1. Out of the residues in the stretch 516-544 that are modelled with pLDDT under 90 and open to solvent by 70 Å² or more (accessible area, probe 1.4 Å), which is nearest to Leu157 (Cα to Cα)?
2. Looking at (1) open to solvent by 10 Å² or more (accessible area, probe 1.4 Å); (2) closer than 23 Å to Gly522 by Cβ; (3) of a type outside the set (Ser, Thr, Tyr); (4) modelled with pLDDT of 90 or more, find the lone condition where Leu443 falls short.
3. If a residue must be modelled with pLDDT under 90 and open to solvent by 50 Å² or more (accessible area, probe 1.4 Å), how many such residues does the stretch 228-241 contain?
4. Taking Val323 as the residue in question, decide whether it is touching a Ser or Thr at 6+ places or on another chain (Cβ under 8 Å), farther than 24 Å from Glu215 by Cβ, of a type outside the set (Phe, Trp, Tyr) and touching a residue at least 12 places away in the same chain (Cβ under 8 Å).
5. Might you check whether a residue that is crowded, with 17+ Cβ neighbours inside 10 Å and in a loop (DSSP other than H, G, I, E, B) occurs anywhere in the stretch 366-375?
6. State whether the residues of the stretch 428-436 include one that is farther than 24 Å from Pro468 by Cα, open to solvent by 50 Å² or more (accessible area, probe 1.4 Å) and touching a residue at least 60 places away in the same chain (Cβ under 8 Å).
7. Which fully enclosed strands (runs of 3 or more DSSP E) of the stretch 274-320 have 3 or more residues being closer than 14 Å to Trp249 by Cα?
Amino acid sequence: MRKEPGNVRPDPIERFRDASIDGINLMPVMPEAPKQKGIRLQTDKLSLVNRRLQSLESAEMEVQTASPSELANVTPDVDEQQLSDFLARVVPVMEEELQLAVHSIPAFEAYEPMWDDMDETCEMTQQVWKEGLMDLQVACVAWNTTGAMLACAYGRLDTLGWCELTAPVCLWNVFRPQLVPGDPDITINIQGFVMCLAFHPTQPATLAGGTYNGELLIWNTASGDLDPLVASSSIDDYFHREAIQAVEWIPADLSGSVDAYLVATVSGDGKVLIWDARENDLSYPSRGFMLLGSKRRVLGGCSLSFSPLDPWLFVVGCETGTVMRAFRPPPGASMGRPASNFAWKSSAVALLDQLGLDARTKLQTHIEKFCVQEGIKEVTADVVFRSKPDPERIFPPPKTTDLEPHAGPVVVATFSPFHRKLLLTGSTDGAVKLYDVLQQKALQSLFPPTKHISTCSISAASWSAARPCVFAVAMEMGGVFIYDLLQSRQDPVLELPLTGSGSQRVTSISFNPRQRGLVAVGDDNGRVRVFRLPFNLSMQKKEEMAFIAASFPAPAAECRDE
């Protein structure tokens, strides 16, 4: 049978032969470029601080010790009965002698050590200035808390009216071996000039200053920046409108925290303002007081001092000669946020808490009316000041008592660092007065020696940081006198040797808080001199605090005038 060609099976080998077929071309598809958008972000400048840390290296060592009995391989023989008999005889005698020692006179009560540095002369140890300054006076000098850095503010104390002066604040480490007297370690240029300076009590590099224009400035002198300014207040109707005459760091509370400090300032505009740089960078004061005299007249402030042992008590010396004792209310429990349709922030509530109920209600009504007009929903401290309330309403007068006045402006008022009630004041009338601030009449009035009555004005005064009975007084027309109440209740015991280089006219005095016996004086020629006082004016005596307590006894019932 014949097979048809169509039914013949192909050979399997045929499937593995090469074959040529038409190709297929695939074109790639290019994706679209991704969309990009640039946005500028404003970030805070990174602050870098280099610190040197001193660390201790420790090492461990194992030491094997053994008792003599173990070394000798001998067990000690202890007679317990003999030991008990011995203690029974000795213990009563020892207890009797110890009891007698408690009531006996201390063996070293009259002992006085012979110190190596018992120098009885007064000498100048350092003199610093700023090269290139012309016709500028030293407005203020201040030591930092470690006693190593000396700050000096330059200016013109006779400036009246508008000020176009530019004067620096200079700092020297006077104990640095490479010290160059005419070249400060740090120079801070100020638009205007600084009238007063104060270092932070616990942070040696933090310095506050009040300017002639009424601004409060705070610097971090360890930052290393060309402009170490940390915070600055502005000039406003609710801030200082005249020169700040005094600046002081005060405790914010009784916690004892190293950061819990506020800044207090006083000015010729009659305001005592308290600032909290921790909260708002000095954008506004956290509390304030108006100084009002008789017939509710505003009294310009010249000096300010808070008691170091009672931070709620302060004294203001005024242009009229008034010495005003006042109290600031301590931080207490807040009355809470007011019932309102507005969101009251804590900074605004703090301003209400310092007011009485009636004044608080009136101020709240005024602020909320302003918020309705401006469409504001949240009430902050900034909104409180923008609402422009009556200054006497937001800064009420403190509870005050007038002490015995001076006959001229009170240029200095300073509390003793050793006694909560002892106050020293000086005036242009030439008198230096000592007060017990719980009594209106001055305990003592001193008149430093002067050739003419017209040259008797006091320019500065300061308590010693080493001796409770020692203070220094500077005369405007020349002379710095050291008083020691233990030696004389009326006459100075020493006059600083200002003859030679520098000027006789001293404008500022500051005792070193750490190096006993060092006192810095600035004069109207722009020079700062550091003197070392004699040993007997530098070392505290045993009977000194008892003398102060006897001279200023506490009254039977100390009470604060309401």
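The values are calculated or read from the model by the stated rules, or taken from the named source; none is laboratory data. From a predicted model like this one, the values you see are computed outputs, not experimental measurements. For neighbour counting, all protein chains shown are included, and Cβ atoms are generated from backbone atoms with ideal geometry for every residue, glycine included. Heads up: the accessible areas ignore ligands, DNA and RNA and are worked out on the full protein's heavy atoms, side chains in. Shrake-Rupley method; radii C 1.70, N 1.55, O 1.52, S 1.80 Å.
1. Out of the qualifying residues, it is Arg516.
2. Unmet condition: (2).
3. 4
4. When the stated conditions are applied, Val323 passes them.
5. Among the residues of the stretch 366-375, not one is crowded, with 17+ Cβ neighbours inside 10 Å and in a loop (DSSP other than H, G, I, E, B), which makes the answer no.
6. The answer is no, given that none of the residues of the stretch 428-436 is farther than 24 Å from Pro468 by Cα, open to solvent by 50 Å² or more (accessible area, probe 1.4 Å) and touching a residue at least 60 places away in the same chain (Cβ under 8 Å).
7. 301-306
Here's the yes/no breakdown for (1) without any contact (Cβ under 8 Å) to a residue 60 or more places away in the chain; (2) open to solvent by 10 Å² or more (accessible area, probe 1.4 Å):
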position: Thr121; (1), (2): no, yes
position: Gln127; (1), (2): no, yes
position: Gln137; (1), (2): no, yes
position: Cys152; (1), (2): no, no
position: Asp158; (1), (2): yes, yes
position: Asp183; (1), (2): yes, yes
position: Phe199; (1), (2): yes, yes
